[in-house]
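These notes are about the structure you will find just below.
The values are calculated or read from the model by the stated rules, or taken from the named source; none is laboratory data. Just so you know, these numbers come straight off a predicted model, no measurement behind them. Reconstructed Cβ throughout: ideal geometry from the backbone, glycine too, with neighbour counts over all protein chains shown. With ligands, DNA and RNA removed, areas are computed over all heavy atoms of the protein, side chains included. Shrake-Rupley method; radii C 1.70, N 1.55, O 1.52, S 1.80 Å.
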Amino acid sequence: MVSEEEIRARLEQAGQSHLLRFWDELEPAGRASLLSELALLDPNELREHCQRAAAACAQEQGPLERLDSRMQPVQPEFLGSVRKSDPQTLQRWEEEGFHQIAQNKVAVLLLAGGQGTRLGVTYPKGMYQVGLPSGKTLYELQAERIRRVEQLAGHRHNTHCIVPWYIMTSEFTLKPTVEFFKENNFFHLDPANVIMFEQRMLPAVNFNGEVILERKDKVAMAPDGNGGLYRAIVDNGILEDMERRGVEYVHVYCVDNILVKMADPVFIGFCVLKDADCGAKVVEKAYPTEPVGVVCQVDGIYQVVEYSEVDLETIQRRDESGNLVFNAGNICNHFFTRSFLQTITREFEPLLKQHIAIKKVPFVDEDGNLVKPLKPNGIKMEKFVFDVFQFSKNFVAFEVLREEEFSPLKNADTANKDNPTTARFLDENGIRIPEQPSTLGTENPPVLCEISPLVSYFGEGLEVYLKDEEIHSPFILDEKKAKLLEKA
Ligand code: UTP
C-alpha cells in the first residue's frame with residue numbers, strides 16, 4: 001500500500017492537498033479506503049484533469065461555437081435506409097449479416113456503465129422491469145434477442161453460432177450486474193460468452209478546479225463517459241479476447257433502448273457490404289427541435305452535432321421535398337470493425353474530446369457536514385462513444401424506423417417522454433403482426449401484446465402462430481405458447 005507521506009506528496013504536486021483535510025478525524029478503515037482510492041490517481045494526470053475541467057467549465061459559460069455554416073448532411077451514397085430500399089436489397093444485406101453472424105464473426109457490446117440518474121433507480125438500468133406483462137427486464141430481453149439471432153443464423157447456415165456479449169460496466173454497475181446475471185442463470189446464455197468489464201472513473205471537480213470530497217473518506221468519482229469504452233477495452237484485454245474468438249465486427253449499443261435489434265443482420269450486412277469501418281444507425285428526427293444529436297459532416301468529416309451547437313434556423317431547414325436537411329438522429333447504435341477499434345485505441349483515444357457535464361454533486365463542506373446541493377456545483381468530464389466517427393476512413397449511416405427500433409428509457413414515469421410507458425407500449429405494438437385478427441386494436445385501451453424475442457426477432461414467422469388466433473389482452477406469445485399454437 002502507498003504510504004500516507006507519499007500520497008500527501010502526490011496531492012501537493014497535483015494541487016489537491018485539501019483531500020486529506022479530515023485525515024485526523026478518520027478511523028483506520030476510513031483512512032485505508034481513502035488512501036487506496038487516492039493511490040490510483042496519477043498526480044500529473046490529476047492536475048491536468050482538474051485544470052482542464054475548470055477551464056472547460058469557464059469556456060462553457062461563454063458563447064458556444066456555432067457549426068451551422070460548416071455542416072453538410074450525410075452523403076446519399078453513404079446512407080442506407082430501411083424505408084427507401086427495395087425488398088431484394090434488404091434481403092441481400094440481411095443474408096450477408098447472417099452469413100457473418102453464422103461464422104461467429106459478430107459480437108455485441110453493451111454500454112452499461114452509466115449511473116442512470118434521470119431514471120432515478122438505485123440499481124443498474126439493465127435490471128429495470130419496463131412493465132411488460134411478462135415482467136422481463138432490459139437485460140433479459142437483450143439476452144433473448146442474442147439467443148434468437150444465434151438460432152436464426154445457425155439454422156440458415158447449419159452452424160453452431162455464438163454472438164459474444166461484451167458488457168461495459170462501471171464501479172456502480174459491475175457488482176449488481178454480475179450478481180443479477182448469476183441469479184438468473186445468465187438467461188440461458190453460456191457465461192463464457194458473456195464478458196463483463198469495468199470502465200474507469202474520474203474525480204468530479206468544483207468550479208475552482210478542486211476535486212470534490214463526497215464524504216470525509218471518499219472522493220466523488222464518476223464513470224468517464226461511454227467513450228471510456230476505448231480505454232476500458234485496452235485495460236481489460238477485450239480486443240485480444242475478440243481476436244481469439246475470431247470476432248471481426250462489433251455492434252455497440254446503449255442499455256436503455258428497449259427496441260434495440262442486437263447484431264441486426266441487415267445493419268451488419270449493409271456495413272460489411274459497404275466495406276465500412278464504422279457505422280451508425282439513425283432515425284428521422286421526430287420533430288425539428290427534438291433534442292437528439294444529428295449525424296452529419298462538419299468540414300467534410302463525419303461527427304455527431306448536438307442540437308445546442310446549431311441555430312434554430314439550421315435545425316428547421318428543409319430541402320425541396322420538404323424533408324429536414326439535418327434529419328439523421330443518432331440513436332447510439334454503432335458498427336465498428338475490430339481493426340477500427342484497434343486503430344482508435346492505439347492512435348486516437350487521447351485526441352477524443354472531453355465533454356463537460358455540470359451536475360449537482362453531494363459534498364462535505366468545510367465543517368464536515370454532508371451537503372446535497374440544490375444547484376449544480378460540480379463538473380464531470382466524459383468522453384462520448386460516437387466521437388470516433390471523425391477517424392473513420394469509410395463511415396456509413398443506416399436509417400431505420402423509429403417505431404421499430406428506438407424507444408429509450410431515460411426518465412422516470414413522471415416525465416412525459418422516453419419513459420417506461422412509451423418504451424413498453426412500443427415493444428408491445430412495434431412488431432408488425434402480419435395477419436391481424438379482427439379483435440386486435442378494437443379494444444380500448446390498446447391490446448397488450450408481448451412477443452418474446454425468443455419467438456420472433458423482427459416479426460418473422462408470426463403468421464404461423466397468429467393466423468387464426470383470437471387475441472385478448474394481455475396476450476403473451478412466449479416459447480411455451482408458441483409450441484402449443486404450432487401443434488394446434
Ligand atoms: P446516458 O447518457 O443516457 O447516461 O447513457 P446515463 O448515465 O445512463 O443516465 P443519466 O444521464 O445519469 O440519467 C447512454 C448510455 O451510455 C452508457 C449508459 O449506461 C447508457 O447505456 N454509459 C454512460 C456508460 O456506459 N458509461 C458512462 O460513463 C456513461
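Tabulated data for the structure shown
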quantity: Burial order of peptide ranges 346-356, 194-204 (average beta-carbon count within 10 Å, highest first); calculated: 194-204, 346-356
quantity: D (Stokes-Einstein, µm²/s), Kirkwood Cα radius, the chain, 1.306 mPa s at 10 °C; calculated: 65 µm²/s
quantity: Amide H contacts under 5 Å for Phe398, placed H, 5+ residues apart; calculated: Gly80, Ala280, Lys281, Val282
quantity: Relative contact order of the chain, pairs being alpha-carbon contacts under 8 Å that are 6 or more residues apart, as %; calculated: 20 percent
quantity: Between 0 and 90°, nearest 10: helix 174-183 axis offset from the chain longest Cα axis; calculated: 40 degrees
quantity: Three principal axis lengths of the range 1-72 [C-alpha, angstrom, descending]; calculated: 59, 20, 20
quantity: Carbon/sulfur fraction of accessible area - the chain, other protein chains in place, 1.4 Å, %; calculated: 49 percent
quantity: Farthest positive-ward along the range 63-179 dipole, Cα basis, beta-carbon charges - from Phe98, Val178, Leu109; calculated: Val178
quantity: Heavy-atom surface of the chain, accessible at 1.4 Å and reported per residue (Å²); calculated: 47 Å²
quantity: Selection of GluC sites (Glu not before Pro), the range 447-488, meeting DSSP coil and at most 10 other Cβ within 10 Å; calculated: Glu470
quantity: Cα→Cβ-extended label distance, 7 Å offset, between His160 and Ala58, nm; calculated: 6.2 nm
quantity: Lone cysteines, the chain (no partner Cβ under 4.7 Å); calculated: Cys50, Cys57, Cys161, Cys271, Cys278, Cys296, Cys449
quantity: Percentage relative contact order, the range 1-151, counting C-alpha pairs under 8 Å, at least six apart; calculated: 13 percent
quantity: Under 5 Å, built H, 5+ apart or other chain: amide partners of Met262; calculated: none
quantity: Relative packing of 111-121, 34-44, which averages over residues the other C-beta atoms within 10 Å, highest first; calculated: 111-121, 34-44
quantity: Cα-based Rg and Dmax for the range 55-170, where Dmax is the largest Cα-Cα distance (Å); calculated: 20.6, 60
quantity: Gain on full stretching of the segment that runs from Gln88 to Asn323 - 0.36 nm per residue minus C-alpha separation; calculated: 82.0 nm
quantity: Sites Asp311 and Leu485 - FRET efficiency at Förster radius 51 Å, r taken between beta-carbons, to 0.05; calculated: 0.40
quantity: Karplus-derived 3J(HN,Hα), 6.51/-1.76/1.60, for each residue of the range 203-213, Hz, glycine and proline x; calculated: x, 7, 10, 7, 5, 8, x, 9, 5, 8, 8
quantity: Signed unit charges on C-beta, dipole axis of the chain, positive-most listed residue Gln199, Tyr128, His355; calculated: Tyr128
quantity: Above-threshold pairs, the threshold being 19 Å between Cα atoms, out of Lys216/Lys383; Lys359/Lys380; Lys84/Lys281; Lys175/Lys410; calculated: Lys216/Lys383; Lys175/Lys410
